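FYI, it's all coordinate maths here, none of it is from the lab. What you see is a predicted model, and the numbers here were worked out from it, not measured in a lab. Please note: Cβ atoms are built from the backbone with ideal geometry, for glycine as well, and neighbour counts cover all protein chains shown.
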């Protein structure tokens, strides 16, 4: 049968069907763009309105504030007398620089994490383009819908900066491996420069998160020596050393013992000794082996099903998939496998795995049928609206884990030179919101009666306060009392 013999209605039906499919895809695309805008605006609003929560956010916020106000630029301090040996200073530097420009406030402290996350999105889009994903921007709704990425993108933590450095290093490594010899050198130098910057972010942890995916990829490719030679560059090693060695040398010279605590304690004892007691600044998080996979399910929700099915397909045809896909799977799985054998972990340790996996999800989305893409877009919109509806609950929980409102009540009631006496060991948020006012005065060590005192007690101790006390603020954990 010739084409000319087909009825005209056949062409009309096919054209109509094609138009309907194109319209449905456009509708799904518009929904996904709306999801991105909604979640980005929501993230910024939360950054602006929520207090710094104890302990992580308030701790790093206070460290950055002390850097600005006391000039602790060489070695961050956890209080004016105590240097903070647990992390190199890069995240503190950028948060402190933001505060120096925009003032000491929550948004300024959180802004570097947002900027680092936006930069990570661009790198993920570059990976997607290399994987021949036509709509490379699809990585953005995938990333923004992952709880771990969303939280990290606007929180005062070291993780977002670390993530951006690790992902940038992996991208330059891929380009160096894949490039022609004439272009390879510049990618090699960029890679090693990022290795040097990584040492200022989280030290050996960054090197592990960069190196392990490359080792995994080299093993999957079956040509480890060739890949090593494509990455190695003596000039690059020199650049890396010039970036991080001066700070480490200056820090050890000014604070003897720093290298031993940071290298041995934070990189080995923390992960190999359950319930490690040597942590100077917090509590080691002892978890059963393999807990990282539970954290991973929470971190990448709602893409759990995609992870399982895609991984099974990858394993079944690992040798026939594109080389970049093997690279992305190596970058996804390597940190998860590594932390499988660590006791002292928290859920953010899977953050660098979220990004390469988002590229694989973006390709999965692009390959969906019109109907399934529309379902996925509606599902993401529903989840986004649910997250928006949960804002009052989120705000209540975060405020309940911060003393910002208590400090505000203190500032309203107390004279400018008043002292805020904590009868319970103070956490970090009061130091951020009331610098130079907070004192720890345990029960039984109160000063002589005289001027009114502004005292913070645990809620359970309210009933035991003197009869002449006036309750000024009652929070979910601490209360502010004026003793007259």
In angstroms, what radius of gyration and Dmax does the range 403-483 have, counting Cα atoms only?
11.4, 31
Residue separation between residue 424 and residue 178 times 0.36 nm, minus their alpha-carbon distance, gives in nm 82.8 nm
Stokes-Einstein D for the range 100-238, Kirkwood Rh over Cα pairs, 25 °C, 0.890 mPa s (µm²/s):
152
Restricting the count to DSSP beta bridges whose residues both fall in the range 403-483, what percent are antiparallel, rounded to a multiple of 5?
65
How far apart, in nanometres, would the label points at residue 385 and residue 242 be if each is projected 7 angstrom from Cα along the Cα-to-Cβ direction?
5.6
How would you rank 366, 266, going from fewest to most other Cβ atoms within 10 Å of each one's own Cβ?
366, 266
Give me Rg/Rg_expected for the range 317-419, where Rg uses Cα atoms only and Rg_expected = 2.2 N^0.38 Å with N residues.
1.77
The chain: antiparallel bridges as % of DSSP beta bridges, rounded to 5, reads 70
Kindly provide the pair-distance distribution of the chain built from C-alpha pairs, with 10 Å bins from 0 and whole-percent values in order of increasing distance.
4, 17, 25, 24, 16, 8, 4, 2, 1, 0, 0
Does anything in the range 211-233 have its amide N under 15 Å from the 7 Å Cα→Cβ label point of residue 337, and if so which residues?
211-224
When a footprinting reagent is the concern and you count Cβ atoms within 10 Å, what order do 433, 248 take, fewest first?
248, 433
Give the separation of the Cα centroids, the range 114-191 to the range 345-412, in Å.
19
Residues residue 82 and residue 460, FRET efficiency given R0 of 22 Å [Cβ-Cβ distance, rounded to 0.05]:
0.15
Cα shape, the range 23-97, gyration tensor, a/c 1.5 rule:
prolate
Efficiency of FRET from Cβ geometry, residue 471 and residue 395, R₀ 30 Å, rounded to 0.05
0.85
